[in-house]
Amino acid sequence: MALKATIIPVTPFVQNCSLLWCDETQKGAVVDPGGDLDKILAAVAEHHVDLEKIIITHGHMDHAGGTAELSEKCGIPIEGPHTEDQFWIEQIAVQGQQYGIAGARTFTPDRWLKDGDTVSFGNITLDVYHCPGHTPGHVVFVHQPSKLALVGDVLFQGSIGRTDFPRGDHATLIRSITEKLWPLGNDITFISGHGPISTFGQERQSNPFVSDQALS
C-alpha cells in the first residue's frame, strides 16, 4: 500500500491544505481545509479520491476555517485537533470576519485526538503526536511506512511556529520538536502548514531555531 499526497495552497495565508489518499482503495482525507473549498474539491475530483474524513492539526482559522462547510458538503466526519484547541475553534467565525475569509465557521470535531491515537482511511494509518507550543492542542500526523509527516505550524523549512498567540509557548514548542519529532528519524519528509517541504534531518542541520548546533 502507498500513501499519496498533494498540497493545495488555500486562503490569503497560502496555507498548505493536503489531500491524502490510499492508492489501493482511493479512500482519502483532507488535512486542514482552511478555505477555498472549490480548489480542494477540484483536487479531490482530479485524483478520483473518495473522501472519508477531515483531519485537523490545530484550530487556527487559516487551517480550519473551511472545515464545517466541507464536512457538510461531503457528509464526512472531522477528527482532531486535541481538545486544548477548542477555544481557538470557537473563535474561527470571528477570525474569519477580521481577516476577510468568507464562510469561516466554528465546528465541533466528531473526535478529539490525543497523543498516541491513530487516524485511518483506506488501508492507511497515521500516528498522532500531540505537539503543543504554537497552540496548546496542536497535533502532528505521521505515516511511518512513507516517512511522511504533516506538522501543521509546528515546524517549517528554516523556521518554527509562532508562539506569540494566546497560550503559545516557545519552550514547549522546542520540546515538542526535539522530543516528539526528532526521534522519528532524519529521513522523515514533512509538509508544513506554509512554505516548502523539508526533512527533519535538513532542519537539524540548518534550522536557526532547532538545529543541533543552535540547541547545543
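Tabulated results
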| item | result |
| --- | --- |
| Answer residue from segment 103-147, given it is in contact with a helix residue (DSSP H, G or I) (Cβ under 6 Å, 6 or more places away or on another chain) and among the hydroxyl-bearing types (Ser, Thr, Tyr) and is surrounded by the fewest Cβ atoms within 10 Å (Cβ to Cβ) among those | Thr106 |
| Matching residues, segment 149-187, being surrounded by fewer than 16 Cβ atoms within 10 Å (Cβ to Cβ) and among the hydrophobic types (A, V, I, L, M, F, W, C) | Phe165, Ala171 |
| Residue within segment 107-117 that is farther than 28 Å from Ala2 by Cα, over 16 Å from the mean Cα position of the chain (by Cα) and not small (Gly, Ala, Ser) present | yes |
| Tally, over segment 174-216, of residues that are among the basic types (Lys, Arg) and more than 22 Å from Ser18 (Cα to Cα) | 2 |
| Residues (of a type in the set (Asp, Glu), outside any loop (DSSP other than H, G, I, E, B) and touching a residue at least 24 places away in the same chain (Cβ under 8 Å)) located in segment 157-216 | Glu203 |
| Matching strands (runs of 3 or more DSSP E) fully within segment 1-115 where at least 2 residues are more than 26 Å from Pro196 (Cβ to Cβ) | 50-55 |
| Residues being under 17 Å from Glu79 (Cβ atoms), part of a loop (DSSP other than H, G, I, E, B) and without any contact (Cβ under 8 Å) to a residue 60 or more places away in the chain - total across segment 116-155 | 3 |
| Counted residues, segment 1-34 - those being among the aliphatic types (A, V, I, L, M) and modelled with pLDDT under 95 | 2 |
| In segment 72-102, the residues that are surrounded by 14 or more Cβ atoms within 10 Å (Cβ to Cβ) and at positive phi | Gly80 |
| Test: residue in segment 105-116 that is farther than 16 Å from Asp32 by Cα, in contact with a strand residue (DSSP E or B) (Cβ under 8 Å, 6 or more places away or on another chain) and small (Gly, Ala, Ser) | yes |
| Meets criteria (over 27 Å from Asp23 (Cβ atoms), crowded, with 16+ Cβ neighbours inside 10 Å, modelled with pLDDT of 95 or more and aliphatic (A, V, I, L, M)) for Ala68 | yes |
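The values are calculated or read from the model by the stated rules, or taken from the named source; none is laboratory data. Predicted model, so just to flag it, every value in this text is computed and none were measured. Note: ideal-geometry Cβ built from the backbone for every residue, glycine included; neighbour counts use all protein chains shown.
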